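To start, the structure itself, in structure tokens.
The values are calculated or read from the model by the stated rules, or taken from the named source; none is laboratory data. This is a predicted model, so every value here is computed, not measured. Note that we place each Cβ from the backbone using ideal geometry, even for glycine, and neighbour counts take in every protein chain shown.
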Amino acid sequence: MPYDNWTDPDAVFTTLALLPNGESRSLQAPAGWRLMEVLRDYGLPIRAECGGACACATCHVHVAESGRLPLSAPEDDELDRLAEIFDADDSSRLACQILTGPQTDGLAVRLAQGSLRDDSLRDDPLRDDFVAGGVS
Ligand code: FES
């Protein structure tokens, strides 16, 4: 939805989720949601085991493309969790620590392998794509 005023309470922001098989999903959400919740609500197989408490690091994503505005810098808790992940790099963020809004509009994130639910590979409609395409 195009918008000119980012304070519009009806504004919807679009983030692109890149899946391990190379497909992508366009996610739309109003401001103020945790990106992890949006990923989960769209049925994407993100583990997010602590429910957004910044305690598990199983909502790890890689920022593949910045949005129209820069994301806010990670807090110390997020940096501590990221430091515990073997495949974290400079593009890594925790999806539960990213709030939707103008800063997520145009953002593209790639779900990290360690953040995928194993059972989703069995039960999710994307299963065959994940299995056939492998996990990057
Ligand atoms: Fe646990 Fe994000 S859901 S750290």
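A quick yes/no check of all residues on (1) buried (at least 17 other Cβ atoms within 10 Å of the Cβ); (2) farther than 21 Å from LEU19 by Cβ:
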position	(1), (2)
GLU65	no, no
PRO70	no, yes
ASP76	no, yes
ARG81	yes, yes
ASP87	no, no
ARG93	yes, no
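Taken over region 72-93, the criterion of being within 23 Å of VAL12 (Cβ to Cβ) and either at pLDDT 95 or above or near the ligand (Cβ under 8 Å from one of its atoms) (or both) is satisfied by ARG93 alone. Among the residues of region 18-46, those that are within 9 Å of the ligand (Cβ to nearest atom) and surrounded by 21 or more Cβ atoms within 10 Å (Cβ to Cβ) comprise MET36, ILE46. Scanning region 1-46 for residues that are modelled with pLDDT of 80 or more and hydroxyl-bearing (Ser, Thr, Tyr) yields THR14, THR15, SER24, SER26, TYR42.
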